[in-house]
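The values are calculated or read from the model by the stated rules, or taken from the named source; none is laboratory data. Since the model is a prediction, treat every value here as computed from it, not as a measurement. All Cβ positions, even for glycine, are placed from backbone atoms using ideal geometry, and neighbour counts span all protein chains on display. With ligands, DNA and RNA removed, areas are computed over all heavy atoms of the protein, side chains included. Shrake-Rupley method; radii C 1.70, N 1.55, O 1.52, S 1.80 Å.
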Amino acid sequence: MTSDTLPAFQRIKAYVLSQIQAGIWKEGEAIPTEEALGREFGVSRMTVNRAIRELSDEQIVLRVQGSGTFVAQQKYQSTLVEIRNIAEEIAARGHVHRSELQQLERCKADEALARQFGLPTQQSLFHSVVVHFENALPIQVEDRYVNPAIAEDYLAQDFTSQTPNAYLMRVAPLQGVRFAIEACLPPAEIAELLGMAAQEPCLVLKRRTLSQGQVASVASLWHPASRYQFTGSF
């Protein structure tokens with residue numbers, strides 16, 4: 001479906017998102033009124049109201065009664081109650097996911113990795129680095145090591161059309177997971193992949209998954225702290 005055939009409210013949503021992502025409308029700034037957007041797109045205020053209401057529900061904008069609508073602080077959420085495929089997580093917010101594969105290789109386990117996998121040092125592992133984008137904004141760098149005994153075809157996969165998580169959940173049903181979250185400054189290469197300013201911190205989810213009685217993968221998931229948060233409840 002082209003932009004010309006999209007319903008009017010979706011065209012307005014796409015326009016507002018594009019202005020925010022391009023930095024034309026910045027966090028905390030007011031966006032044009034519903035009347036102004038209605039005139040620009042030649043639609044009723046009711047149509048504009050639907051677009052703005054959905055953007056508010058998605059925490060892209062903040063509506064303040066009597067004051068107007070403002071660009072919200074952009075913090076995308078991830079739940080800790082379940083392991084979700086980031087592509088599905090992004091789609092659930094009504095956003096567009098894409099990924100770029102940076103690295104896919106066979107490597108040898110150093111002492112730290114061998115200890116995490118419960119394998120001898122120098123044991124062969126698979127290694128991938130994937131950048132995930134939400135509405136063209138880099139939101140996660142996934143740095144993952146995988147046990148070849150669990151996913152022997154890992155290096156043959158196209159991780160631009162499916163995520164490593166989706167593939168592993170299919171071939172290595174999850175038995176357990178251990179994770180920790182920390183805030184830290186990213187290495188220069190991670191900061192560059194995420195388009196972050198110098199000295200901007202990341203939220204890092206370090207996760208080890210178990211399958212078939214073995215450690216299946218060890219991943220470090222890097223997120224810009226300024227535009228991402230983890231949530232959970234039980």
Residue-wise HN-Hα coupling along the stretch 165-170, computed from phi with Karplus coefficients 6.51, -1.76, 1.60 (Hz; x: Gly, Pro): 4, 4, 5, 5, 5, 7
Rounded percent of accessible protein surface that carbon and sulfur make up, the stretch 110-218, 1.4 Å probe: 52
Relative packing of 36-49, 107-120, which averages over residues the other C-beta atoms within 10 Å, highest first: 36-49, 107-120
Answer label, with Cα extents along the principal axes in Å calculated from the coordinates and candidates (1) 61, 44, 31; (2) 81, 36, 32; (3) 67, 38, 35: (3)
Electrostatic dipole magnitude of the chain [Cβ: Lys, Arg +1; Asp, Glu -1; Cα centre; debye, to 20]: 460
Positive-end residue, the stretch 124-225 charge dipole about Cα centroid, Cβ charges, pick of 203, 160, 138: 203
³J(HN,Hα) computed for each position of the stretch 182-198 - Karplus, 6.51 cos²θ - 1.76 cosθ + 1.60, integer Hz, glycine/proline x: 9, 9, 7, 6, x, x, 4, 5, 5, 4, 5, 5, 8, x, 9, 6, 4
Selected from 172, 198, 151 as most flexible by GNM, with the chain as the system and alpha-carbon contacts under 10 Å: 198
Under the Karplus curve 6.51 cos²θ - 1.76 cosθ + 1.60, θ = phi - 60°, whole-Hz ³J(HN,Hα) for the stretch 35-44, x wherever Gly or Pro sits: 4, 5, 5, x, 5, 5, 9, x, 10, 6
Cα centroid of the stretch 1-56 to Cα centroid of the stretch 123-154, whole Å: 35
Per-residue [θ]222 nm for the chain (sum of -39500 (n - 2.57) over DSSP H runs n ≥ 4, rounded to 500): -7500 deg cm²/dmol
Coil-residue GluC sites (Glu not before Pro) of the stretch 130-234, DSSP, other Cβ within 10 Å capped at 15: 152
